[in-house]
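So the structure is just underneath, and the comments pick up after that.
The values are calculated or read from the model by the stated rules, or taken from the named source; none is laboratory data. Here the structure is a predicted model, which means the values were calculated and not measured. When we count neighbours, we look across all protein chains shown, and the Cβ atoms used for this are built from the backbone with ideal geometry, even at glycine.
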C-alpha cells in the first residue's frame, strides 16, 4: 500500500498569509496541500472536511502545529481518533 502525504495549512483571517506553513509542508514532500483562511473556532471548515473524506489507511497528515488543525483539545482528540 502506498502512502499519500497530505498537508493542511490554515490561517484565521484573509489578511494573514500561509507562506511559513506552506514552506514547512513542502519540506515533507506532500502529495497534496489543502489550505483555508478561516477561524479555527468554526466547526465547519470545508478544506479540513475534504481532507478527512480523502484519508485512507496508511495516509499521512502533516501540519505546522496542532493549533492549525484543531480548535480545542477536545477537537484535537476527536481528529486524532478519526485519523
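Descriptive notes on the structure:
- Condition met for residue 7 (touching a helix residue (DSSP H, G or I) at 6+ places or on another chain (Cβ under 7 Å) and modelled with pLDDT of 90 or more): yes
- Filtered residues of region 16-51 (kept if closer than 15 Å to residue 3 by Cα and surrounded by fewer than 16 Cβ atoms within 10 Å (Cβ to Cβ)): 28, 29, 31, 32
- A search for C-beta distances below 8 Å between a residue of region 55-77 that is free of Cβ contacts under 8 Å to residues at least 12 places away in the same chain and any residue that is surrounded by 17 or more Cβ atoms within 10 Å (Cβ to Cβ) and not in a helix (DSSP H, G or I), counting only pairs 6+ apart in sequence or on different chains, returns 76/70.
- Scanning region 1-29 for residues that are part of a loop (DSSP other than H, G, I, E, B) and over 25 Å from residue 43 (Cβ atoms) yields 1, 2, 3, 4, 28, 29.
- Residues in region 43-79 that are under 20 Å from residue 24 (Cβ atoms) and in a helix (DSSP H, G or I): 47, 48, 51, 66, 67, 68, 69, 76, 79.
- Subset of region 52-72 [surrounded by 14 or more Cβ atoms within 10 Å (Cβ to Cβ), modelled with pLDDT under 90 and in contact with a helix residue (DSSP H, G or I) (Cβ under 9 Å, 6 or more places away or on another chain)]: 68, 69, 70
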